[in-house]
1. Which three semi-axes in whole Å describe the equivalent ellipsoid of the range 37-192, each the square root of 5 times a Cα gyration tensor eigenvalue, listed largest first?
2. If each of VAL176 and ARG91 carries a label point 7 Å out from its Cα toward its Cβ, how far apart are those two points in nm?
3. Using 7 Å Cα-to-Cβ label points, what is the ALA40/TYR160 separation (nm, one decimal)?
4. When only Cα pairs under 8 Å and 6 or more residues apart are kept, what is the percent relative contact order across the range 37-192?
5. FRET efficiency for ILE185 and ASN54, Cβ-Cβ distance as r, R0 = 35 Å, nearest 0.05?
6. Just check the range 131-200 against the gyration tensor rule for me: Cα atoms, a ≥ b ≥ c as the square roots of the eigenvalues, rounded for a/c under 1.5, and otherwise prolate or oblate depending on whether a/b exceeds b/c.
Amino acid sequence: MRKLRNGFLGICSVAAWVAMGASVHAASGNGPYYATPSWAQKMDAATRFIVLLNWRSEAVLDRETGLVWERVHQRLADSTENFTVVNTWDRARLHCVKKNVGGRRGWRLASIVELMSLTEPDLGDQPPGGAFPPGHPFDTSEATGPGVRYWTATTASSDYPNSVWTVSFRRNDVGVDRKDDATSIRLTWCVRGNTGMDQF
């Protein structure tokens, strides 16, 4: 009986070490994260977002949704690195399609639902530092400037096929803009995974 008990305890110890190793991999973003992404779970930023080290730390896994986001995003630039180039909706979509982040392609423009999932509603209107969850790992230096909004892949409505939803992280709010709008600052944040979400 004692031998059986000792054997059982030994198995439990091994299982504990395996679980500990898994959690270390999860924290580093360099291995499996052992959490089934689900929109029904709620995490704080420290455990929700994992910087993927084996993607050159250029991408972030959202463990709530299973989406992979760019860690750094900027205004689109031309060949002379002129960051004031007009960023229309068509150009934003092309930018994501051609994007190489962490040695991986397959990026797309995020939907309104996906982009809004990165906001913190309890922060209210115009929160200091933007509407991002405290402790997030993203570079948001471009995100909260006056008048800055982000394109989404979601058409505003069937009655307005030439207009799409946009997101303001500065105001923690949404808006609607024409796809060919060339008068305002519109940024692009590309996402990877969960394809087929562009209509929502």
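1. Working: eigenvalues 106, 73, 48 Å².
For the range 37-192, the ellipsoid semi-axes come out as 23, 19, 15 Å.
2. Taking the two extended label points, one gets 2.5 nm.
3. Going from the ALA40 label point to the TYR160 one covers 3.5 nm.
4. On the way: 314 pairs, mean separation 40.0, N = 156.
Relative CO of the range 37-192 lands at 26 percent.
5. Details: r = 33 Å, r/R0 = 0.95.
Calculated transfer efficiency: 0.55.
6. It comes out oblate by the Cα gyration axes.
Bear in mind that the values in this text are calculations on the coordinates, not laboratory data. The structure presented is a predicted model; accordingly, all values stated were derived computationally and were not measured. Every residue, glycine among them, receives a Cβ derived from its backbone with ideal geometry; neighbour counts consider all protein chains shown.
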